Structure formats: C-alpha cells, structure tokens
Amino acid sequence: MSVENHGERPPAAQGQAAGSGAPAEPADEMVAPERGSAEELLDAGAQSELDAMRHSAAHVMAEAVLELFPEAKLGIGPAIEDGFYYDFLLPRPLTPDDLGAIEERMRASVAADHPFVRSEFPPAEGRRFFEERGQPFKVEILDDLAARALAAGEPMPPTSAYRHGSFVDLCKGPHVASTGRVGPLKLLSVAGAYWRGDEKRPMLQRIYGTVWPSRAELDAFLWRREEARRRDHRRLGVQLDLFSFHDVSPGSAFWHPKGWQLYRTLEAAIRELQERRGYQEISTPILVHKRLWEQSGHWDHYDASMFRLDVEDQEYSLKPMNCPESTFIYRSRVRSYRDLPLRLAEYGRLHRNERSGVLHGLTRVRQFVTDDAHIYIRPDQIGSEIEALMGEVREAYGWFGLQPRFTFGTRPDGALGNPALWEQAETMMREVLDRSGVAYRIKAGDGAFYAPKIDIQVEDALGREWQTATIQVDLVMLPERFDLWYTDERGQQRRPVAIHRAIYGSLERFIGVLTEHFGGAFPFWVAPVQAVVIPIADRHVEAGRELAALLAGRRLRVEVDDTDSRMQNKIRVAQEQKVPYMLVLGDREVAARTAAPRTRGGEQLAVVGWEELGDRLAAEAARREA
C-alpha cells in the first residue's frame, strides 16, 4: 500500500526535531536533490516570488544572529512552506528573549533597504573567503562541490554569493531586490537539527520564521498556527483521555477506553461498508520470513523500514505492509473466473522503523493498523472496480463532511515489471478518472514501485492537506512474482490483476487528522461518549441511570455524572470533554420522564420524552453525518 505512514517509501531521514502535524507532501514533480548533498544545502527552496522573499528573510536573520553572536557558525537557510529557517552553531542555547532581539535587528535591516548583490568568485578564492571568516560548514559545502566536479571530470563552477549590507552568504539565489522588499515577519520557534541530517554530525539550532506580503496575511497565518496548536491531536488526546505515548514503546499509541471506542466505531463503519460490497475479512501473521519480502521486491526497496529479528539463525521481520501475505490465501485453492472479484480485507497491525526524530503523535508512528484490502479481479473488471472503490471513498469521507481530492501517480524510476504493463494499467486508470468527472492532479513518477496509484487527499478545517486513502492497480508484483492464476471461461490459465486499496489508510493517522479537523468535537455518530446524564442532586441519580440504560439499549454511548460537583461544574466538564449532548435531570424532568438536551455548543433544545429522545439520538447516530 502507499499512503502517508502506510506507503512504499523509506522512512524520512532524521534531520529536525518533530514539530507540528505534517500534512501530505506538496505535489512537486521536480526531482529533489539527494538528502544532505551540496546541491540540497545550496537549494534556496525559492520557486516563486514569495519563496524568494522568504529566502531573503533567512539571510536577514543570519545577519542579525551574527551581529548578536559574532562567533556563530552558519548552516543553511532555505524557504519552506509558510516561512523559512536558518541553522546555526551557537555558543549557548537560544532563549525567547534572543528571538525578540534577533527579530528587532531584522526589522532594522529591512528598514535600511540594503540591496541584495550577487557576486562570483573563482573556486579557490571563494573557499578562502569563507575559511577566513571562520565558516566551516560553508567550506565543507564548497569542498564537496569540488570533489564531485573532480570525480565527474568537470571544472569546478564559480562560487556564487549574495551580499546585503555587510553580510555575505554562500548562495545560488534567487532573492528579492533589497531587504526593504521583505514583508511583515515573525520568528516562531527554535528546534534542534543535525548538520546534513546526520545524527553523527553536530546538532545545530534551527530558528523558524515566517514572512508574508502583507500584515493581514501574516495575522491570518499566526491565527491558523495558534488554532493548529489548540487543535493539536497530541494535546487533545490527553485532554479527552483518548490515548497516550510512553518511552517504553516509542511511536506506538497506548489507547485508553474512550480512544479505543472511537477506534472501534471507525472500524465498524468500514466493516459495514465492506460487507455491503462483498469483502471477506482475513488475518495474516505479523512475523514473516525474509524470503517473502525478497520475493515481493520489498526487501530491495524497503528494507530500511523493517524491524528485523533473528529466529533460530533465520532472518524475519515484523511486517511493514500486508499485501504479499494475501497471495497465500488466494493460492489456497484453484481459482476460476467465477470467483473474481475476490475482495480480501485485513486490519493488519504493521510496524515501520521510523527514526525517532520524525515520530509525531498519531500521524507518524512505528506501529499502526491499516484498513487494507487486496482485490483480485479479471482485467476486464478493472474499470468497474476502480469506479466502485472511488464510490467507497466518497461515501466514507462523506461521513465526516470531507471532500476527497485525487492525484494520479505514474511509473517511478526503478519500477518492477514490463513498462508495457505499466502503460496498460495507467491508461485504464486514467480512463476511469476521466469518465468519473472528478478533478485530479498527475504526479509523474509517484506510483508505488509495483503499481500506478490514485491517492486521495482531504483538506482539514485549517486548509491543510492530508494524504489518506489509496487505490493501486498491480499487474506485476502480486500476480507475477507470486505466480497467481485463474481459469477463464475457456479453461485457459490467466493472470489476475491485484488492486491494493485503503480507505482510512492508517487508522492511527486518520484519527489524528479527524481530531485536529474537528478540534476534538467529533461528529455525534463517532463520538466516544455521545451523551452525559447530569443529575442535579443525589435523589436524581437513580433516574439518571435509568435514562442512561434506556439510551444504551439503543446502542448509544452514555455516561452518568454522579459526582458531588455542582450542576454548572458538571456541564463545564462535559463541554471540556466535547460531549455532544448533556441531559440535565431535576425533580420536574424525573417526574415527567423528560429531558431538555443541551448541546456542547451551549444551545438548549426543546424538552422531549425519554423514549422519543432515544429514538431521535439513535436515528442521528445511524445517519453518520458530520
């Protein structure tokens, strides 16, 4: 499978300390420089006018840091999404007061309106320039460029640098015309970052900042950032008693009862959808011999992601994906064309050897479960099956009010199998996408190593894009490498096609996304606790339990707050827990067997009888609406 945290990709390199939630990577079809290479370190990340402004702001920040810390050693300072950063080796850890002082000096440089001036030096002169100024990281970059040029038999290119005021930095640009063109800015935070992403190299201090063309855009960004902090699923997971993380098992969630209820509700919804579509659920082992991954091709493409174990001098791994094992079930008996489609669903527990520096709550973990399915079909069934799968995605995401977006990933370099088979699969998938009428983006070379794919992204309440679901058409890896066959209507042996699909993707990641999208105020149908009964006094507790039992009989999740707290405090606690409905019972309500539901938003609804209330809430849960 191939979705974020559920894909045929190596783990991210450990470079920077984990920060805020990571949406899906941008749809950039350019080939990225090799991680830690001189080309990457010189890349300003400036692909647009705004990026150029942000990269220029990074230079202005480096100038300010050198003024405050003349002994500072400069790393790199590219533009990034929503801002910029610069890495420094400094004599002491930075404080919030330091950021204020740096920001003040940056504004002074902007006000001075120094022009950005490009210069070129002969290679030896450029190296000497930065060596004399005590900048070893810049010298290292130039030495690497020289070594690569020598190895390629090419001349060393001139050293390019940019100056503004008295500050000079090794850089290939581009920049804005002058510091005065740098818009309203704000320094945000400091994190650790290993030089060149290598934990064996020095740990630098990375200062993050943001800059925008106008004050209104800066203010809007800062609001989104603060709102993202408020919605951070790691914070809400603790507040709502959903899950926790502990250093005895890094990157693996400990699910609390309410969180596990949420998890099981999501599972049950997909299981019900799958049953309507004729899926059969399976379960396969977690510990798998190395030879399976060699046969599938994962060992060559993915071995860095695997947790390996030695068992009686044999090499095994915890499975990082489910797909190869489903072939053993397919091959358990002779298959006929009448057996297809064969839809095998699995909630497989997977393990990925992610580096500690990239772990991030539920959205980047080492242990997770995916709602996988592997669908074996005849070639003539590809179009109808993909159309049905896209319908499954739209239905499931409609439960949360999310609008799926589609990207189409084509054959990557080093892909398995005959290019003609890839072209055949891509043509069929493109025809289905075109026929469906959905808008989609093409990401050239972004397919899995064994299959072209349709990836699904959603935009959350803050406008962030997350990659979640995937549909992959595999003509090569499972059918050919595992020698799969079926007998057609003429008695001839034919290869099936294997479709890999996930709807939620990783359930852990999906719950993290939902938590941040809804700010913990989950839709009624999926909320861990759907209603809390609040007796005003002790004499109302027994009736409260009776009401809760009535609602529970309709498969609703209800609690009774029978603590000694005052009614208003009970309401406040329920609102903090983001419970959809509060049902307050006093003498009048108990006598009449009625309740006046209060929403978590503070709206007081009309009085209703207990039986009718149960019917209404059960109907609301069954609708699965956001």
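The values are calculated or read from the model by the stated rules, or taken from the named source; none is laboratory data. Only a predicted model underlies this, so the values are computations on that prediction, with no experimental measurement involved. Cβ atoms come from the backbone with ideal geometry, glycine included; neighbour counts cover every protein chain shown.
Figures for the structure shown
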read-out	value
Residue count, segment 327-342 (criterion: surrounded by 21 or more Cβ atoms within 10 Å (Cβ to Cβ) and either under 16 Å from GLN472 (Cβ atoms) or not assigned by TED's automatic domain parsing to the domain that holds ILE382 (or both))	1
Among (1) of a type outside the set (Gly, Ala, Ser); (2) over 38 Å from the mean Cα position of the chain (by Cα); (3) in a strand (DSSP E or B), the one test that TYR86 misses	(2)
Pairs, first within 16 Å of GLU325 (Cβ to Cβ) in segment 339-362, second among the small types (Gly, Ala, Ser) and part of a strand (DSSP E or B), C-beta under 7 Å, six or more apart	ARG343/ALA373; LEU344/ALA373; ALA345/ALA373
Given (1) surrounded by 14 or more Cβ atoms within 10 Å (Cβ to Cβ); (2) more than 26 Å from LYS578 (Cα to Cα); (3) touching a residue at least 40 places away in the same chain (Cβ under 8 Å); (4) touching a Phe, Trp or Tyr at 6+ places or on another chain (Cβ under 8 Å), index of the condition GLY197 fails	(4)
Residue within segment 177-187 that is under 15 Å from GLY357 (Cα atoms), of a type outside the set (D, E, K, R) and free of Cβ contacts under 8 Å to residues at least 60 places away in the same chain present	no
Which numbered condition PRO91 fails, given (1) assigned to a loop (DSSP other than H, G, I, E, B); (2) in contact (Cβ under 8 Å) with a residue 24 or more places away in the chain	(2)
When residues of segment 575-594 are limited to those that are aliphatic (A, V, I, L, M) and closer than 27 Å to TRP399 by Cβ, the one nearest to the chain's Cα centre (by Cα)	VAL579
Complete set of residues in segment 338-362 that are touching a Pro at 6+ places or on another chain (Cβ under 9 Å) and either assigned to a helix (DSSP H, G or I) or farther than 23 Å from ASP380 by Cβ (or both)	LEU350, HIS351, ARG352, ASN353, GLU354, ARG355, SER356, VAL358, LEU359
Residue within segment 277-291 that is buried (at least 18 other Cβ atoms within 10 Å of the Cβ), modelled with pLDDT under 95 and in a helix (DSSP H, G or I) present	no
Output for segment 321-337, where each listed residue is of a type outside the set (A, V, I, L, M, F, W, C) and assigned to a helix (DSSP H, G or I)	PRO324, GLU325, SER326, THR327, TYR330, TYR337
Only one of ALA396, ALA388 that is closer than 30 Å to ARG495 by Cα, assigned to a helix (DSSP H, G or I) and out of contact with any Ser or Thr (no Cβ under 6 Å at 6 or more places or on another chain)	ALA388
SER296 being hydroxyl-bearing (Ser, Thr, Tyr), surrounded by fewer than 16 Cβ atoms within 10 Å (Cβ to Cβ) and at negative phi	no
Qualifying position, being buried (at least 21 other Cβ atoms within 10 Å of the Cβ) and within 30 Å of GLY463 (Cβ to Cβ), among THR363, THR407	THR363
Condition broken by LEU478, with the remaining ones in (1) under 30 Å from HIS517 (Cα atoms); (2) touching a His at 6+ places or on another chain (Cβ under 8 Å); (3) not in a strand (DSSP E or B) satisfied	(1)
Test: residue in segment 379-396 that is in contact (Cβ under 8 Å) with a residue 12 or more places away in the chain, under 30 Å from ALA304 (Cα atoms), in contact with a strand residue (DSSP E or B) (Cβ under 6 Å, 6 or more places away or on another chain) and surrounded by 16 or more Cβ atoms within 10 Å (Cβ to Cβ)	no
One residue from GLU81, GLU71 being out of contact with any Cys (no Cβ under 9 Å at 6 or more places or on another chain), at pLDDT 95 or above and assigned by TED's automatic domain parsing to the domain that holds LEU170	GLU71
Criterion (assigned by TED's automatic domain parsing to the domain that holds ASP488 and more than 20 Å from the chain's Cα centre (by Cα)) met by exactly one of PRO324, PRO320	PRO324
